[in-house]
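Engineer: Before we start, here is the structure in question, set down as structure tokens.
The values are calculated or read from the model by the stated rules, or taken from the named source; none is laboratory data. A quick note: this is a predicted structure, and the numbers were derived from the prediction, not measured. Every residue, glycine as well, gets a Cβ built from its backbone with ideal geometry; the counts of neighbours run over all protein chains shown.
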């Protein structure tokens, strides 16, 4: 293993932020090695020690944030930090520690207090052992695949809108939000720079009234979910919010979407893509038995529309085993849109050349392709 290759461990790697961070780091194979973590390690000291011993960097994300008894939240979160510190001291090791705290530190609640106390304990450990420690004080995190009624109001609204439920605003206050991909970039930069900053307030992606967020998501429901129109995405926040919304669409029942055929004595006219933004439209012919694709994107928005021939489009979420199969036929023109973090391909399953129209929301940039090859 090259000396520069850092070994990274993430407590809470199966949680919302943890899984996004784990998946992103797994794409950086020439720079980092992941040391997998299991929740059971906190219950078996020998396994926890073995895991800690292997890590050059530990990102502590594991925490409880909901429970009927707030005191249980406080006790659990502080206990996890103390257990990790005790293990570090018993092994006499000092990997770089990155801790995810919360802007709830500012509020007088036991969850916020548990995060503040955890950051304080790690700071004291770092000072005692001359170790590197970053205490990230993070605003509300949103992004694809968050757990509704748990991770954020954005996750809840998206889930409700995509399942024909009516969201209700309990308190229309201002919420500070950061996109999970932006938070992950910050954490990775902390690793690369071996940063020491015990109190780093993470700047939010944006600050919005809850009603503003719901209005934009409801617009996505009306334009995209109901009508198949790609909305105008005026800024990065809008694109991040749109990709988040798309991740809650029940793919099995939603795709493929069939296109209206306008037929007369001249032939047939079909509207393939309606959009209020730019991008690039391409087409391909694919010979019998040939498969294209087998890659995924983390931000790009893409549509495959079959206009002639027969095709099988397959999707699989990264680091998941379930494969979704969609059969399309040019006799009934239809399309499938590619969610972020879903590797996808298209295969000609007919006896003639397959004709496919592709639309993607940005031009291909060789310096920043956002294209990761992965077999479905």
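Engineer: Do we have any residue at all in region 156-164 that's assigned to a strand (DSSP E or B) and within 19 Å of the chain's Cα centre (by Cα)? Quick ask: steps written out before the conclusion?
Structural biologist: Kept after step one, since they are assigned to a strand (DSSP E or B), are these residues of region 156-164: none.
There is no residue in region 156-164 that is assigned to a strand (DSSP E or B) and within 19 Å of the chain's Cα centre (by Cα).
Engineer: Please enumerate the residues belonging to region 326-346 that are part of a strand (DSSP E or B) and over 25 Å from residue 143 (Cα atoms).
Structural biologist: Within region 326-346, the subset part of a strand (DSSP E or B) is 326-329, 332, 334-338, 342-346.
Correct list: 326, 327, 328, 329, 332, 334, 346.
Engineer: Consider residue 94 carefully, then state whether it is assigned by TED's automatic domain parsing to the domain that holds residue 191 and either under 30 Å from residue 50 (Cβ atoms) or outside any helix (DSSP H, G or I) (or both).
Structural biologist: Numbers: assigned by TED's automatic domain parsing to the domain that holds residue 191: yes; either under 30 Å from residue 50 (Cβ atoms) or outside any helix (DSSP H, G or I) (or both): yes.
Taking the combined requirement at face value, the residue satisfies it.
Engineer: If you don't mind, there's one more thing I want to ask. Identify all residues within region 1-13 that are farther than 16 Å from residue 190 by Cβ and either in contact with a helix residue (DSSP H, G or I) (Cβ under 6 Å, 6 or more places away or on another chain) or surrounded by 15 or more Cβ atoms within 10 Å (Cβ to Cβ) (or both); write none if there are none. Walk me through it before giving the result.
Structural biologist: Taking region 1-13 as the starting set, the residues that turn out to be farther than 16 Å from residue 190 by Cβ are 1-5, 12-13.
Correct list: 12, 13.
Engineer: Is it true that some residue in region 253-267 is within 21 Å of residue 140 (Cβ to Cβ), surrounded by 12 or more Cβ atoms within 10 Å (Cβ to Cβ) and touching a helix residue (DSSP H, G or I) at 6+ places or on another chain (Cβ under 9 Å)? I'd like the intermediate steps shown before the answer.
Structural biologist: Step one: filter region 253-267 for residues within 21 Å of residue 140 (Cβ to Cβ), giving none.
The answer is no, given that none of the residues of region 253-267 is within 21 Å of residue 140 (Cβ to Cβ), surrounded by 12 or more Cβ atoms within 10 Å (Cβ to Cβ) and touching a helix residue (DSSP H, G or I) at 6+ places or on another chain (Cβ under 9 Å).
Engineer: Pairs only if they're at least six apart or on different chains, beta carbon under 7 angstrom, first in region 61-74 and in a loop (DSSP other than H, G, I, E, B), second exposed (fewer than 14 other Cβ atoms within 10 Å of the Cβ); list them, first residue then second.
Structural biologist: Going by the 7 Å Cβ cut-off, the qualifying pairs are 66/150.
Engineer: Can you name the condition, by its number, that residue 242 falls short on among (1) in contact with a strand residue (DSSP E or B) (Cβ under 6 Å, 6 or more places away or on another chain); (2) part of a helix (DSSP H, G or I); (3) buried (at least 19 other Cβ atoms within 10 Å of the Cβ)?
Structural biologist: Against the list (1) in contact with a strand residue (DSSP E or B) (Cβ under 6 Å, 6 or more places away or on another chain); (2) part of a helix (DSSP H, G or I); (3) buried (at least 19 other Cβ atoms within 10 Å of the Cβ), residue 242 comes up short only on (1).
Engineer: So which of 148, 144 ends up being surrounded by 19 or more Cβ atoms within 10 Å (Cβ to Cβ), under 15 Å from the mean Cα position of the chain (by Cα), farther than 18 Å from residue 199 by Cα and modelled with pLDDT of 95 or more?
Structural biologist: On the way: 148 fails: surrounded by 19 or more Cβ atoms within 10 Å (Cβ to Cβ).
Going through 148, 144 in turn, the sole match is 144.
Engineer: Exactly one of (1) without any contact (Cβ under 8 Å) to a residue 40 or more places away in the chain; (2) assigned to a loop (DSSP other than H, G, I, E, B) is unmet by residue 312. Its number?
Structural biologist: (2)
Engineer: Mind listing whichever residues of region 24-51 are touching a strand residue (DSSP E or B) at 6+ places or on another chain (Cβ under 9 Å) and closer than 17 Å to residue 76 by Cα? Steps first, answer last, please.
Structural biologist: Residues of region 24-51 touching a strand residue (DSSP E or B) at 6+ places or on another chain (Cβ under 9 Å): 25-27, 31-37, 39, 41-42, 51.
Selection gives 39, 41, 42.
Engineer: Please find, among 86, 119, the residue that is in the same structural domain as residue 11 (by TED's automatic domain parsing), closer than 30 Å to residue 237 by Cβ and not in a strand (DSSP E or B). Steps first, answer last, please.
Structural biologist: On the way: 86 fails: closer than 30 Å to residue 237 by Cβ.
Answer to the selection: 119.
Engineer: Is it the case that residue 213 is in the same structural domain as residue 59 (by TED's automatic domain parsing), in contact (Cβ under 8 Å) with a residue 12 or more places away in the chain and touching a helix residue (DSSP H, G or I) at 6+ places or on another chain (Cβ under 8 Å)? Reasoning before the result, please.
Structural biologist: Values: in the same structural domain as residue 59 (by TED's automatic domain parsing): no; in contact (Cβ under 8 Å) with a residue 12 or more places away in the chain: yes; touching a helix residue (DSSP H, G or I) at 6+ places or on another chain (Cβ under 8 Å): yes.
So residue 213 fails the test.
Engineer: Right, another one. Any residue in region 9-34 that is not assigned by TED's automatic domain parsing to the domain that holds residue 343 sitting within a Cβ distance under 6 Å of a residue that is assigned to a loop (DSSP other than H, G, I, E, B) and surrounded by fewer than 19 Cβ atoms within 10 Å (Cβ to Cβ)? List the pairs, counting only those 6 or more apart or interchain.
Structural biologist: Pairs that qualify, where the first residue is not assigned by TED's automatic domain parsing to the domain that holds residue 343 and the partner is assigned to a loop (DSSP other than H, G, I, E, B) and surrounded by fewer than 19 Cβ atoms within 10 Å (Cβ to Cβ), are 23/318; 23/319; 33/5.
Engineer: Counting only residues that are buried (at least 16 other Cβ atoms within 10 Å of the Cβ) and more than 19 Å from residue 57 (Cα to Cα), how many does region 166-209 have?
Structural biologist: 13
Engineer: Pull up region 315-325, narrow it to residues that are in contact (Cβ under 8 Å) with a residue 24 or more places away in the chain and assigned to a strand (DSSP E or B), then point me to the one that is surrounded by the fewest Cβ atoms within 10 Å (Cβ to Cβ). Spell out the reasoning first.
Structural biologist: First, pick out the residues of region 315-325 that are in contact (Cβ under 8 Å) with a residue 24 or more places away in the chain: 315-319, 323-324.
Remaining after also requiring assigned to a strand (DSSP E or B): 315-317, 323-324.
Values: 315: 23, 316: 19, 317: 20, 323: 11, 324: 16.
This residue is 323.
Engineer: Tell me, yes or no, whether region 281-301 has at least one residue that is at positive phi and either touching a helix residue (DSSP H, G or I) at 6+ places or on another chain (Cβ under 6 Å) or not in a strand (DSSP E or B) (or both). Lay out the reasoning, then the answer.
Structural biologist: Here is the first cut: in region 281-301, the ones at positive phi are 289, 293-294.
Pick out the ones that are also either touching a helix residue (DSSP H, G or I) at 6+ places or on another chain (Cβ under 6 Å) or not in a strand (DSSP E or B) (or both) and you get 289.
Yes, region 281-301 contains at least one residue that is at positive phi and either touching a helix residue (DSSP H, G or I) at 6+ places or on another chain (Cβ under 6 Å) or not in a strand (DSSP E or B) (or both).
Engineer: Here is a further query. Has region 263-272 got at least one residue that is in the same structural domain as residue 363 (by TED's automatic domain parsing), in contact (Cβ under 8 Å) with a residue 12 or more places away in the chain, more than 23 Å from residue 182 (Cα to Cα) and over 29 Å from the mean Cα position of the chain (by Cα)?
Structural biologist: yes
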